[in-house]
Amino acid sequence: MGLASPNPYVGAVIADTSGEVVGTGSYTYAGVKHAEILALEAAGARARGGTLYINLEPHAHQGRTPPCTDALIAAGIRRVVAAMPDPNPKVSGRGFEQLRAAGVQVAVGSLEEQARRLNEAFARYIRHGTPLVTLKAAMTLDGQIAPPPGEASRHSAPTENGFTGSWITGELTRAHAHELRHQHDAILVGVGTILADNPLLTDRSGRPRRRPLLRVILDSRLRLPLESRLVQSVAADRKNDVLVFCASADEQKKAPLEELGIRIETIPAVEPDGRPDLPAILRRLGQLEITSLMIEGGATVNWTALASDVVDKVFLYYAPKILAGSGSIPFAAGAGFLHMSQAAQVKHIELHRFGEDFAVEGYLRDPYGE
Ligand SMILES: NC(=O)c1ccc[n+]([C@@H]2O[C@H](COP(=O)([O-])OP(=O)(O)OC[C@H]3O[C@@H](n4cnc5c(N)ncnc54)[C@H](OP(=O)(O)O)[C@@H]3O)[C@@H](O)[C@H]2O)c1
């Protein structure tokens, strides 16, 4: 995770004629070589007559590397057991075809569900040119994502060097949320969340990643404070990892942010709010080779995302607490869906447990669909 994007996750295992594992490999973008090539190199002459087990169809075209199918055939691999075809419609099936034409036995479909899940972001990206979008939030049992504005900071001093929000969920959940960030190429919030909580929005999983997590902020009029932890972290690290989408770039506000290393792009606004268009933002992120995006709120952005039909899946954490009250901040503020028949339907639900907290993971649409 974090090392293959914008390409897919691939792992390969070669077993010799007696079934003994003689080579393994896994792909990283920086390592360039594909998983099956690494496995072939490890197996050496023992690959001859052996079986390749792999989660994705070997490729038959010239990309950053020569076709893997040629190398497999040349090494004398007799059987290929693959979990799924390449989700890229331009090349899907060609690898299997070439292997079969050379007399290699090919079996497709074992552990297919797990394999499809592993590369769902790549599938969405390669088929549509936009990232897979996950909507993530931490809530009380009654669906509130924060106490009434201003109350959190009145009742607790800023924590963790400047964070002014208040934690809803426990430590285990928050550690898992960092794992989720680690699995994504980019994270997105509205400027309201920066103003309310002063978050850092970094990947603090402690695991290596090839590109820094891109931190995307929706901010029509550039209200992002220069002294916010987010802006200051860019100024300190110079990683160029904060991208602000605005609707009109006021030069006076833009210049000092850019001087500190913040990237600012103007996106055409949509009526009636005059805010940058979310589908256009996703297309732009696709151009930047962002394959997966996690939307982390707040309430206004969550509703915009649902209303503009860009959400592929949700990951909703719940703490066993009830905030109640009409002043608390709901998961998604705005018009909402006005009839039960229009409600966003979450499918293929999976439940996760983190100590006293739990989470619901599910899909609003099939990442492999149209
Ligand atoms: N528990 C959680 O998981 C969680 C996570 C995040 C936030 N929160 C809470 O959520 C609250 C903040 O929510 P919020 O609704 O005030 O702020 P928000 O959703 O973070 O930001 C909304 C602002 O983003 C700007 N924006 C720019 N383009 C937009 C677009 N296309 N769609 C929507 N907004 C766009 C708008 O300001 P302009 O019109 O000026 O551009 C808008 O007012 C805080 O209380 C925070 O603690 C909770």
Among the candidates Val311, Val301, residue that is within 12 Å of the ligand (Cβ to nearest atom), open to solvent by less than 40 Å² (accessible area, probe 1.4 Å) and at pLDDT 95 or above = Val301
Return a yes/no flag: does region 129-141 have any residue that is surrounded by fewer than 17 Cβ atoms within 10 Å (Cβ to Cβ), in contact (Cβ under 8 Å) with a residue 60 or more places away in the chain and on the phi < 0 side of the Ramachandran plot.
-> yes
Check off (1) farther than 24 Å from Glu179 by Cβ; (2) more than 10 Å from the ligand (Cβ to nearest atom) for Leu278 and give me the number that stays unchecked.
-> (2)
In this structure, does Phe96 turn out to be in a helix (DSSP H, G or I), under 23 Å from the mean Cα position of the chain (by Cα) and among the aromatic types (Phe, Trp, Tyr)?
-> no
Within the group Asp273, Asp219, which residue is of a type outside the set (Val, Ile, Thr) and open to solvent by 40 Å² or more (accessible area, probe 1.4 Å)?
-> Asp273
Mind checking whether some residue in region 203-223 is among the small types (Gly, Ala, Ser), at pLDDT 95 or above and either within 13 Å of the ligand (Cβ to nearest atom) or part of a strand (DSSP E or B) (or both)?
-> yes
What's the number of the condition Ser92 fails, among (1) over 30 Å from Ala186 (Cα atoms); (2) surrounded by fewer than 21 Cβ atoms within 10 Å (Cβ to Cβ)?
-> (1)
Residue satisfying all of: in region 331-357; closer than 27 Å to Pro148 by Cβ and in contact with a strand residue (DSSP E or B) (Cβ under 6 Å, 6 or more places away or on another chain); most open to solvent (accessible area, probe 1.4 Å) among these = Phe331
Please go through region 179-196 and pick out each residue that is away from the ligand (no atom under 13 Å from the Cβ), open to solvent by 30 Å² or more (accessible area, probe 1.4 Å) and not polar (S, T, N, Q).
-> Glu179
Of these, Leu364, Leu293, Leu285, which one is away from the ligand (no atom under 16 Å from the Cβ), in contact (Cβ under 8 Å) with a residue 40 or more places away in the chain and either aliphatic (A, V, I, L, M) or touching a helix residue (DSSP H, G or I) at 6+ places or on another chain (Cβ under 6 Å) (or both)?
-> Leu364
Do you know which of the residues in region 190-205 that are β-branched (Val, Ile, Thr) and touching a strand residue (DSSP E or B) at 6+ places or on another chain (Cβ under 8 Å) is farthest from Glu171 (Cα to Cα)?
-> Val191
Which of the following residues is within 11 Å of the ligand (Cβ to nearest atom) and either more than 30 Å from Pro85 (Cα to Cα) or in contact (Cβ under 8 Å) with a residue 60 or more places away in the chain (or both): Ala332, Ala324, Ala359?
-> Ala332
Considering region 234-262 alone, what residues qualify as being in contact with an Asp or Glu (Cβ under 9 Å, 6 or more places away or on another chain) and either away from the ligand (no atom under 16 Å from the Cβ) or open to solvent by 30 Å² or more (accessible area, probe 1.4 Å) (or both)?
-> Val234, Ala235, Ala249, Gly261
Going by the structure shown, is Pro199 out of contact with any Gly (no Cβ under 9 Å at 6 or more places or on another chain), over 15 Å from Arg275 (Cα atoms), part of a loop (DSSP other than H, G, I, E, B) and within 15 Å of the ligand (Cβ to nearest atom)?
-> no
Give the residue that is farthest from the ligand (Cβ to nearest atom), with candidates limited to residues of region 224-233 that are in a loop (DSSP other than H, G, I, E, B) and not hydrophobic (A, V, I, L, M, F, W, C).
-> Glu227
Report the residue count in region 246-281 for those that are in contact (Cβ under 8 Å) with a residue 24 or more places away in the chain, in a helix (DSSP H, G or I) and within 25 Å of the chain's Cα centre (by Cα).
-> 3
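The values are calculated or read from the model by the stated rules, or taken from the named source; none is laboratory data. From a predicted model like this one, the values you see are computed outputs, not experimental measurements. A quick note on method: Cβ atoms are made from the backbone with ideal geometry, for glycine too, and the neighbour counts reach across all protein chains shown. Note: accessible area is taken over every heavy atom of the protein model, side chains too, but ligands, DNA and RNA are not part of it. Shrake-Rupley method; radii C 1.70, N 1.55, O 1.52, S 1.80 Å.
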